[in-house]
Amino acid sequence: MNKIAAIFLIGLISAGALGVYISNLPGKKPFKRNGHNDISRAYMTKTANGGKRNVIKKGDRKLENSSSNIVTAVVLDYRGFDTLGEVTVLFAAIAGIGLLLGGSRRRRIRPAGPVISSMAPWIAAFIIITSAYIFLHGHLSPGGGFPGGAMIAAGFLIMVLGMGSRAPKIFKTIETFGGLAFITVGVIGFLKKGSFLQNAFGSGEVGTLFGSIFLGILYAIIGFKVAAELSSGFGEFVAEEEGKHE
Amino acid sequence: MEIAGAILVSIGVLFTLLGALGLVRMPDVYNRLQAGTKATTLGFIGIALGVGFYEPQWFPKLILMVVFIVMTAPLSSHNLARAAHVIGIKPVGEVDSLASKEADNERR
C-alpha cells in the first residue's frame, strides 16, 4: 500500500511539473534545419565550448554548468527531468520484481566458507569507497550515480552473502528520501530560477570537485537511491528466506 | 622509462596468453581455475605496472587496482572451486583429498 501511494505521489508531482514545463516552453521553432539536429548541436557546443570560441579548459569560470563531462551535463542538467523518470522506472521495476518473484523463489543460501567470510568486510569496504569516488566524480570523469549505486549494492550483497548478516530494513527509507530529495532539488530550481530542475546552485571552476555543486548533489542522490533500490530488491528475497527457515 | 614499461606490458600479455591457453588445454575445472587465475593475475600486474611506467601520474590508481585484483582473484577462484566441489564434480586424477578428509570427519 505504501509503495502504491509513493508511486502515485511521484506520478502526480511529475505530471504537475511536466504541465508547468510545457506551458513555459518557448515558441515553436523548427527542430531540424539543413539536415542537422540543431538542438543537440547547440547543447553539445554549449557544454564543450561554453559559448566561447575555444574548448573549455580546467580553471574556466562562469559557464552555464561547469561540468567537464559532456554526458553528465546533458543527463543531469539539460535532461534532468528525464533522469527523474529513469530513477522512478527503476524503482517500479524493482517493486515489480519483489511482487512477482519474492514469494516463489525461496532457496536456502549455503553459508560462505571461512575464507570468504573473513575477507568479505575488506572487499565490501573497498567496493563502497570506490563507488563513492565514482558517483562523486560523475561531472569530472566517466561514471556517475547509476554505476556508483550499483557498486554500493554489490558491496552490500557481498556483506549479506559472505558474512551472513541480515539485509538492513533502512534501505526503503533511504530510497524514499532519495526520491524526495531529487524532487526537492528540482523544486528549489523552480522557485529560484523559474524552471523545474534548473541549476540553482551556480557553477564554479571547471575540473574541480566542488566546481559544479548541482550535478554533484544530484548524482549523490541518484547513487544512494539506486543502491537502496537494488539492495532492497535483494533484501526481500533474503528476509523471506530467513523468516521461513529459522 | 618507456622501454621498462614495454617490457612489463609484454610480460603481462605473455602471462595472460598463457592463462588463456591453459583454459583451453587443462583437463578439468580445478586445473582450469588454477591456470585462469594465477596466470592472469600476474599478467594483470605486469600490464598495470607497465602502464604505470608509461603514465606516471596514474601510478596510485594502478597500485590500488593491483591491490584489489590480488585481494579478489584468489577469493573468487577459491569460491568457484568450492562450489564445484560442493555440487560433486570430481577431479581428473585419482586423489580427492578434500573428499576423503570430509569422509573421515563424518566417520568419527
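Taken together, the values in this text are just the output of simple stated rules run on the coordinates, not laboratory data. Nothing here was measured: the structure is a model prediction, and the numbers come from that model. Glycine gets a Cβ as well: all are built from the backbone with ideal geometry, and neighbour counts include every protein chain shown.
Between residue A:173 and residue A:48, what FRET efficiency comes out of the Förster formula 1/(1 + (r/R0)^6) with R0 = 35 Å and r the beta carbon distance, rounded to 0.05?
0.30
So between residue B:58 and residue B:70, what do we pick up on full extension, going 0.36 nm a residue minus the alpha carbon distance?
Extra length from residue B:58 to residue B:70 when fully extended: 2.5 nm.
Using the reciprocal of the averaged 1/r over all distinct C-alpha pairs, how large is the Kirkwood radius of chain B in Å?
Answer for chain B: a Kirkwood hydrodynamic radius of 15.8 Å.
Compute the distribution of all C-alpha to C-alpha distances in segment A:161-225, in bins of 10 Å from 0, and list the percent of pairs in each, rounded to whole numbers.
21, 36, 26, 12, 5
For segment A:196-208, take each phi angle, set θ = phi - 60°, evaluate the Karplus expression 6.51 cos²θ - 1.76 cosθ + 1.60, and give the result in whole Hz per residue in order, putting x for glycine and proline.
Per-residue couplings from phi come out as 5, 6, 7, 5, 9, 10, x, 9, x, 7, 6, x, 10 Hz.
Residue separation times 0.36 nm, minus the C-alpha to C-alpha distance between residue A:125 and residue A:41: what's the value?
That works out to 26.1 nm of additional length.
Multiply the residue gap between residue A:210 and residue A:12 by 0.36 nm, knock off their C-alpha separation, and tell me the result in nm, one decimal place.
68.0 nm
Size of the dipole of chain B about the Cα centre, Lys and Arg at +1 and Asp and Glu at -1 on the beta carbon, nothing else charged, in debye to 20?
160
Let me know the Kirkwood hydrodynamic radius for segment B:27-81, please, with Cα pairs as the basis and the value in Å to one decimal.
The Cα-based Kirkwood calculation yields 12.0 Å.
Let me check I've understood the local charge: for residue B:34, count other residues with C-beta under 13 angstrom from its C-beta, Lys and Arg +1, Asp and Glu -1. What total comes out?
So the surrounding residues net to +2.
How high is the relative contact order of chain B, in percent, counting Cα pairs under 8 Å that sit 6 or more residues apart?
Relative contact order here is 29 percent.
Net charge within 14 Å of residue A:196 by Cβ-Cβ distance, Lys/Arg positive one each and Asp/Glu negative one each, not counting residue A:196 itself?
+1
Return the sequence-ordered ³J(HN,Hα) values of segment B:47-59 in whole Hz as given by the Karplus equation 6.51 cos²θ - 1.76 cosθ + 1.60 applied to θ = phi - 60°, using x for Gly and Pro.
Result, ordered by residue: 5, 5, 5, x, 5, x, 5, 5, 10, x, 6, 8, 4 Hz.
Based on the alpha carbon coordinates of the protein assembly as shown, what radius of gyration and maximum Cα-Cα distance (Dmax) apply, in Å?
25.6, 86
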